[in-house]
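The values are calculated or read from the model by the stated rules, or taken from the named source; none is laboratory data. Because the structure is predicted, anything quoted here is derived from the model rather than measured. Virtual Cβ from ideal backbone geometry, glycine too; neighbours counted across all protein chains shown.
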Amino acid sequence: MSPQVPRPIRSSGRQLAGAVGRAARRFPKPVKNAGREFFDLLPDSDMKHRLGHVLRGTPAAGRKYARGAAYSDTDVPLVNRGSTYTAGEVSTYLQLEAAYLRRRLFAVQATARAVGNAAGSHEDDAAAGVLVDEYLRLVDVGEETEAGAHLVVVNVYPSVGNEYGNGFVHRRIKYYLEAGARVHVVVIGPETESSVYQYDGVTVITGDGSEARELLRRTTYRSVGVHFMGRYIWDQIQDDLKEQTFFCFMHGFESRRWVRTRYNYRSPDQVDAAIADTVDRQALWREVLAHPWGPVKFVFVSDWWRRASQEDMELVYPAARSEVVHNVIETKLFRYVPKDPEQRFRLLWVRSASNFNYGSDIAIEVLTKLRETAHWDRIEARIIGDGRHFGGFESAFEDDANITVERRFAAQDEIARLHRDYGVFLVPSRLDSQGVSRDEAMASGLVPVTNTVSAIPEFVDETCAVLAPGEDADAMVAGLIRLFENPELFRRMSSAAAERAERQSGPDATIRKEMRMLGITAETVDPSSEGSQA
């Protein structure tokens, strides 16, 4: 049923709020939810507070994640959207006109890129050939050249001094090698120097893209897997994929809409840049999807992310070309050891605080609220990490003897050892396409304390985690108190967490499925038929 047009709105804020409220009550729930999301971006004003009573039932003072954010110069204020439209008409014209303008923009961009590519040349390809010769001598020594190799293309790879560069891609490759596969690894970046190096048994070649093109031209690979593909990587490799079986791994960052991380933007310029980046990504993935040599599979780390990426990029990945394979958790490293009940008072936070996605401010709020409980003297918490928001931990707990705050990063082996010493993993979140650090902690038997947002409910439930709605520190504290007061509940949840992580994110459920899909193991399958997602 279409919403009725409200009576003409006069200048009074009270009348405007009432009119909006009467119209909004007639909208379907999805429209109301979209309206609330847009409402969050409106600048603070007396009018916003009045409308807040109508839309939420409480004054709109701004949500916690918007602290420090500045949207005022980039909004479309209510008055500028017109006073003669219903809210339904506003929503319709904003969405459809924006979609039309994007299509026009994408067409112009595609034409410009086609002209540019036709006029361009790869001047460095000849020099790259010499480096590729050296690389192939190292990586394929003692191998039969006719045995099909797998090529991994990535934007960053670990090296000495940069051990955190896409470490989960490195873990994949170690499994590939253990299975007896031949694997080539190439790093592509606009400012990446040409080099060959070895890291933890993996030989890597790097450069601006010339090396990747040379490898693709010389070898028909059993499969090619690209991680974190953006415009630059696509432009470097697309012309040389004709003879390749190409898989594109979708982790989250590469096809995400700006609004999912709106709490990280602190100025109008940042919002503008984020919107422009989203539009560029939408153009890229339309091009990749339609390309005759595009991926045979788009591989997503969660089903939620498959659906979210489609919504963010405003396209549909065909079911026959979509696959869900979770990131693998090394359960031999992160292994379950039954917990002593006293470990329920030992809380661990190990994560980046580089942005608000990871909820460092929520973790601070949880610990601050625990300080007011009768359990505080028994609680011992350890915080390890870094990033621009990490100082919040240092300033909040500098006088608390039972809270240890360490500004540094921890290696995988150390994290596994820490897991054995603690019982609860504090991991609030605003956005996770999977949540590898949470799954690793669960595999070790820690009970995670997290939020029911984005993909998280796909990996946990109330039998193995303390779950709270988004932004709800009070619910997290209440869940922790239940654990503190019930050692048997803690023991059951710890065991259930380890079982869930092993079953859902252990090697059998993830990397072995992935290797079959890529044709890396003897159990090869038709990549167009295995496990397609609707």
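Details
- Pair list, Cβ < 9 Å and 6+ apart or interchain, from region 158-169 residues that are over 19 Å from V350 (Cβ atoms) to residues that are among the aliphatic types (A, V, I, L, M) and modelled with pLDDT of 85 or more: S159/V204; V169/V152; V169/V154; V169/V156; V169/V185
- Just so you know, in region 366-394 the residues that are farther than 23 Å from Y164 by Cα and outside any helix (DSSP H, G or I) include one that is farthest from the chain's Cα centre (by Cα), and it is A374.
- Single unsatisfied condition, H326 versus (1) closer than 24 Å to S454 by Cα; (2) not in a loop (DSSP other than H, G, I, E, B): (2)
- Check on S494, in a loop (DSSP other than H, G, I, E, B), surrounded by 20 or more Cβ atoms within 10 Å (Cβ to Cβ) and at pLDDT 95 or above: no
- Among the residues making up region 140-172, those that are modelled with pLDDT under 90 and either of a type in the set (F, W, Y) or under 13 Å from V185 (Cα atoms) (or both) are D140, Y164, N166, F168.
- Scanning region 424-433 turns up no residue that is touching a residue at least 12 places away in the same chain (Cβ under 8 Å), surrounded by fewer than 19 Cβ atoms within 10 Å (Cβ to Cβ) and either in contact with a helix residue (DSSP H, G or I) (Cβ under 9 Å, 6 or more places away or on another chain) or assigned by TED's automatic domain parsing to the domain that holds R482 (or both).
- Contact map, region 133-147: residues that are over 15 Å from L216 (Cα atoms) paired with residues that are at pLDDT 55 or above, Cβ distance under 7 Å, separation 6+ or inter-chain. Pairs shown: E134/V196; L138/V196; L138/T203; V139/H184; V139/T203; D140/R182; E143/R182; A147/R182.
- Flag for W293 being in a loop (DSSP other than H, G, I, E, B) and of a type in the set (F, W, Y): yes
- Residue among R351, R344 that alone is surrounded by 21 or more Cβ atoms within 10 Å (Cβ to Cβ) and at pLDDT below 95: R351
Yes/no per residue for (1) in the same structural domain as A455 (by TED's automatic domain parsing); (2) under 18 Å from I188 (Cβ atoms); (3) surrounded by 14 or more Cβ atoms within 10 Å (Cβ to Cβ):
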site	(1), (2), (3)
D239	no, yes, no
Q244	no, yes, yes
I275	no, no, yes
R286	no, no, yes
A308	no, no, yes
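- Selected residue (criterion: surrounded by the fewest Cβ atoms within 10 Å (Cβ to Cβ)) from residues of region 219-235 that are in contact with a Pro (Cβ under 9 Å, 6 or more places away or on another chain) and not aliphatic (A, V, I, L, M): Y232
- For region 393-414, a residue qualifies if it is within 30 Å of Y265 (Cα to Cα), modelled with pLDDT of 95 or more and surrounded by fewer than 17 Cβ atoms within 10 Å (Cβ to Cβ), and the qualifying residues are E394, S395, E398, T404, E406, R407.
- Where A363 falls short, out of the listed (1) assigned by TED's automatic domain parsing to the domain that holds V449; (2) part of a loop (DSSP other than H, G, I, E, B); (3) within 21 Å of the chain's Cα centre (by Cα): (2)
- Strands (runs of 3 or more DSSP E) wholly inside region 395-452 that include at least 1 residues being among the charged types (D, E, K, R) and out of contact with any strand residue (DSSP E or B) (no Cβ under 7 Å at 6 or more places or on another chain): 403-407
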